[in-house]
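So the structure is just underneath, and the comments pick up after that.
The values are calculated or read from the model by the stated rules, or taken from the named source; none is laboratory data. Everything numeric here is computed off the predicted structure, so don't read it as measured data. Cβ sites come from the backbone with ideal geometry, for glycine too, and all protein chains shown count toward neighbours.
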Amino acid sequence: AAGRRAMLAASPSAASGLSFRRSEEIADLIDLFSKTQYRAKEVTPRVEAIEKRCLELFARDYKYSIIQNSSGDVCGHYPRQIVFLEYESELEKMSFHTVQISKLQDLVNRSKLARCRGRFVCPVILYNGKHICRSATLAGWGELYGRTGYNYIFSGGSDDTWADSEEFPEDSEVRNGDSQLFDKVRGHDIKLLRYLSVRYICDLMVENKKVKFGLNVTSSEKVDKAQRYADFTLLSVPYPGCEFFKDYKDRDYTAEGLVFNWNQDHVDAPLTIPPCFSQNLNIDWTQYQSWDLVEQTQNYLKLLLHIINSDGR
């Protein structure tokens, strides 16, 4: 009895110690995240331990497959093992796969050049059977030509990224080289989007095209001249980029009263939301340029959650 009382008396202290250690580990993880840029080909034992722990946590709640990205072969900024969540784990459910992972891997490999820095459309959250994905914006011709040339040179002239059994429409043969290249890379990007059953694309860019040194380095689905993304519902929800958040830091991380300057020359993407989503949220969208960072973030989140919770899949 005395031993049991001693054990029970020690339990709160032990639990407190465990909680403290976990808090320290979380603080260390946030510190590492804030100071170190992740590169898939520069792996340390600490990063390996974090990756292993992430897979263990995913396995508690989901059945998942892995998209291989060893050494950053597909994207140098995505994890070496990219988790594709298939469905929530349930004891009564049989184990099965919702996708052919080999086909998904192939689509990823083919579509990687379509988006800036190879950051292809990647599923990150699964909610009610819907994949919420992230990606970079579309690559412009400057990056596209640069990366295709780089890949060709460093593959010994045998890059098979574009090998495909499917033929493109005959009218593409009479288009110029730029158009044919965009047909190919964006065609593969669209195939990946469709395989993931993506229906809505929310564009956060404040520009229609990002221009550096006079070159269009990135573009947007909404200004694709060939209207390749016309089958998707496109929403333009311009949100300040990372440059703006320097002001947030300089204000000691105070977002109240911090308003983005919408009158800059490069800012040309208006807020564009289909009426079916903008209605019934009790938000005056015409005032979006007057919102501070807090109100803008809140209203955008309300919109995105409304879309995610809509009945359509």
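Annotations for the structure displayed:
- Members of the stretch 82-100 that are under 20 Å from the mean Cα position of the chain (by Cα) and either buried (at least 17 other Cβ atoms within 10 Å of the Cβ) or over 18 Å from His131 (Cα atoms) (or both): Ile82, Val83, Phe84, Leu85, Glu86
- Residues of the stretch 31-58 satisfying the condition of being touching a residue at least 24 places away in the same chain (Cβ under 8 Å), in a helix (DSSP H, G or I) and in contact with a Phe, Trp or Tyr (Cβ under 8 Å, 6 or more places away or on another chain): Phe58
- Taking the stretch 156-232 and the strands (runs of 3 or more DSSP E) fully enclosed by it, the elements with 1 or more residues that are surrounded by fewer than 18 Cβ atoms within 10 Å (Cβ to Cβ) and either at pLDDT 90 or above or under 20 Å from the mean Cα position of the chain (by Cα) (or both) are at 200-203.
- Of the residues in the stretch 116-132, at least one is surrounded by 15 or more Cβ atoms within 10 Å (Cβ to Cβ), at negative phi and modelled with pLDDT under 90.
- Among the conditions (1) at pLDDT 90 or above; (2) within 26 Å of Leu305 (Cβ to Cβ); (3) not in a helix (DSSP H, G or I), the only one that Ser65 does not satisfy is (2).
- Boolean, Lys246 is under 18 Å from Ser135 (Cα atoms), assigned to a helix (DSSP H, G or I) and modelled with pLDDT of 85 or more: no
- Qualifying residue in the stretch 138-155 (condition: aliphatic (A, V, I, L, M), modelled with pLDDT under 90 and in contact with a Cys (Cβ under 9 Å, 6 or more places away or on another chain)): yes
- Among residues of the stretch 240-254, those that are surrounded by fewer than 16 Cβ atoms within 10 Å (Cβ to Cβ) and either among the hydrophobic types (A, V, I, L, M, F, W, C) or touching a residue at least 12 places away in the same chain (Cβ under 8 Å) (or both), counted: 5
- Within the stretch 286-305, being surrounded by fewer than 15 Cβ atoms within 10 Å (Cβ to Cβ) and out of contact with any Asp or Glu (no Cβ under 7 Å at 6 or more places or on another chain) holds for Thr286, Gln287, Ser290, Thr297, Gln298, Leu301, Lys302, Leu305.
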